[in-house]
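Derivation of every value follows stated rules applied to the coordinates shown; laboratory data play no part. Here the structure is a predicted model, which means the values were calculated and not measured. All Cβ positions, glycine included, derive from the backbone under ideal geometry; neighbour counts span all protein chains shown.
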């Protein structure tokens, strides 16, 4: 993958506020995250626009392309360029993604066979068929985690979210490998975006999804399960609760879904056989 160096955009901003404290209003300030429309453009055509934190954009481009099935590995992208555009006084970013010839031809064919957009309200998709697309089977993975691994993974993520600590307003996603700890962490105002950025970062670094678990700070919807399965991870661990469809999808895909992690307590909704008792390996 080649292309010009990726520009850096402001990810947070200090804004004035009036806060009620001890029964009185006082002037002050607060740091809040930026939220920016990010367009994914392939071959001159916009595929989707997401509201996102304007950081880790190359990871975002690669991860989105992978989880949407546009590519199967990062080398199929020739270049990524971020073009800034101001619309109505607000920053917009156009991620112009150049695919290798074969992938570009396949995307054009996919668009010709796609039903017309129906506006079904899910992030970044164009038809109902995409919402219920088949989820890859991850049941062949030999990954096993101890109960202590689950607790340790979430505790580590809580300590590696600088933008969240600054703003208290963004989601985090991470890859946890037993004996190594967290090997990648990404943040975004959107939970799907944070996971896409994580998928892109891991793929660009050559990480195999089957070797670790995905940790997220959000609830688990079906899209989060689908994206986790695309990267090949057989375990998703969340701080919040899952939806019924996410549970059914994880069960069918052979994925272990763990949620509602609170300190050393958590709930396992699917494939509990992957979680064993025993101590976690020490990690830095």
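One table, with the values for the structure above:
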| item | result |
| --- | --- |
| Residue 139-residue 205 FRET efficiency (beta carbon distance; Förster radius 25 Å; 0.05 resolution) | 0.50 |
| Candidates 51, 224, 106, ranked by Gaussian network fluctuation over the chain, Cα under 10 Å, top entry | 106 |
| Within a Gaussian network of the chain (alpha carbon springs, distance under 10 Å), most fluctuating of 203, 241, 52 | 241 |
| Two-site FRET efficiency, residue 111 against residue 24, from Cβ-Cβ distance with R₀ of 45 Å, rounded to 0.05 | 0.20 |
| GNM result for the chain, Cα springs below 10 Å: residue of 26, 274, 186 fluctuating most strongly | 26 |
| Value at 222 nm in deg cm²/dmol, rounded to 500, when DSSP H runs of n ≥ 4 in the chain each add -39,500 (n - 2.57) | -8500 deg cm²/dmol |
| Added length on full extension, which subtracts the Cα-Cα distance from 0.36 nm per residue, residue 49 to residue 180 | 43.7 nm |
| Simple label model, 7 Å out from Cα along Cβ direction - residue 146 to residue 102, nm | 4.4 |
| Relative packing of peptides 63-71, 12-20 - highest average C-beta neighbours within 10 Å first | 63-71, 12-20 |
| Computed lengthening from residue 83 to residue 244, 0.36 nm per intervening residue step minus Cα-Cα distance | 54.0 nm |
| Whole-angstrom gap from segment 132-177 to segment 185-201, using each part's C-alpha centre | 11 |
| Share antiparallel - DSSP beta bridges, the chain, percent rounded to 5 | 75 |
| Principal axis dimensions, the chain - Cα atoms, whole angstrom, descending | 58, 53, 36 |
| Principal axes of segment 145-276: Cα extent on each, largest first, Å | 36, 31, 30 |
